[in-house]
1. Looking at the square roots a ≥ b ≥ c of the eigenvalues of the Cα gyration tensor of the range 104-203, which shape do they give, rounded for a/c under 1.5, prolate if a/b is larger than b/c, or oblate?
2. Treat the count of other C-beta atoms within 10 Å as a stand-in for reagent exposure and order GLU139, GLU273, GLU23, GLU223 from fewest to most.
3. Hand me the trypsin sites (Lys or Arg not before Pro) from the range 122-174 located in a DSSP loop with no more than 12 other Cβ atoms within 10 Å, in residue order please.
4. Test of understanding: ordering TRP4, TRP230 by Cβ neighbours within 10 Å, fewest first, what list do you get?
5. Taking loop as defined by DSSP and a crowding limit of 13 other beta carbons within 10 Å, which trypsin sites (Lys or Arg not before Pro) in the range 184-232 fit?
6. So, with +1 on the Cβ of K and R and -1 on the Cβ of D and E, and no other charges, what is the size of the charge dipole of the range 4-202 about its Cα centre, to the nearest 20 debye?
7. Please give the Cα centre distance for the range 92-106 versus the range 203-243, rounded to the nearest Å.
8. Compare the Cα positions of HIS22, PHE94, TYR198 along the charge dipole of the chain (+1 at Cβ of Lys, Arg; -1 at Cβ of Asp, Glu; about the Cα centre) and return the one farthest towards the positive end.
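Laboratory data are not the source of any read-out in this text; all were calculated from the coordinates shown. As the structure is a prediction and not an experimental result, all values here were calculated from the model. Don't worry about glycine lacking a Cβ; one is built from the backbone with ideal geometry, like all the others, and counts go over all protein chains shown.
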Amino acid sequence: MINWKNLHKKLSDMNRIVLSTHENPDGDGLGCAYAMHHIAKKMKIESKIITATKFSKQYNFLNQHNCIELYDHDIHYNWIKDADAAFIFDVGDFVRLRDVGRALTENKIYTFNIDHHPSLENSFFNENYVDTAAAATGEMIYEFIKKNEINFTKDEAIGVYTAIMTDTGSFRHSNTNSNCHKIAMECIELGVNSSRIYQSIYENRSIAQVSILSELSKNLNFELDGEFAWFVIDQDLMIKAKAHSSDVDGFTDFVRTIEGVEVSLMFYQIDNENCRINFRSKGSYVLNGVAQKFGGGGHKFACGAKIQGNIKETISMVTSETKDSILNQRQSNL
């Protein structure tokens, strides 16, 4: 059991804290940071939500009073230097903090890792609060609030609801549990507009995203009797669609919804030397072992990695490894 009271006691002695999450922030990481920002405000603790990369406009509703800031060395380095600690949410791997992580390391800031990912490497953090059974890190923040009898208001509820809703795929994915629904019900009772949050995140696609979807739908690759589908978003497509890196989010989930597809895999070419891969599984096949072989990680059915090298070679290696994993699991399930 996580000792949330111990964490609260330590927080109570602080005057300034850094709040952050992984690069290309999602609803879980941002939602947790937003909730903790309001908890800190109640406790008269100065806090800033600082992200390593831009967040998607889908989460603009969380940026009340510009409380989320993109890391700028000239602005934030010295501010971080005087912080008592940093609270990092849903990061999975310290390297995904990028410039924020470097600033924390160089300034020797005490770091708390709050996460539900099965992290491969936690030694960069001073303290780890990890619960892999939690559907979302937001579920853990809710527990922190309740265990410490913190007044749970609409402000914190907006962050918690966003975190849980997005990481459960709007309560559709296999990680959804009864507690998720109970928390969501309490958030709605506190005044959270669930419809507005859903519309902002899932019904607010940019023209760039529609352009990408149009192209990739013509170039989907189906293998293993249609159970395995993969696609590529390269730099040419990004330029043609006038897209930003945040515009590629959600396509792996979309491809997984196709009839007969059990596993979807995205190759996103970041630049000529780097590629990002993302896996999604409906539940028949576990994929995080494949992600780990390429230096990544994540959940059993939702994981990924960043790979250095030529994209053609990366596609060949990863698709081969993925097919082997699926076939091995098929065999063991006979």
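1. Numbers: a/c = 1.92, a/b = 1.64, b/c = 1.17.
It is prolate, given that a/c is not under 1.5 and a/b is the larger ratio.
2. Numbers: GLU139 24, GLU273 11, GLU23 21, GLU223 14.
The most exposed by this proxy come first: GLU273, GLU223, GLU23, GLU139.
3. Working: sites: LYS146, LYS147, LYS154, ARG172; in loops: ARG172.
Filter output for the range 122-174: ARG172.
4. Values: TRP4 17, TRP230 23.
Listed from fewest to most nearby Cβ atoms, that is TRP4, TRP230.
5. Values: sites: ARG196, ARG205, LYS218; in loops: ARG205, LYS218.
Within the range 184-232, the qualifying trypsin sites (Lys or Arg not before Pro) (loop, at most 13 other Cβ atoms within 10 Å) are ARG205, LYS218.
6. Details: 21 positive and 26 negative charges, 78 e Å.
Once rounded to the nearest 20, the dipole reads 380 debye.
7. Distance between centres, Cα-based: 30 Å.
8. TYR198
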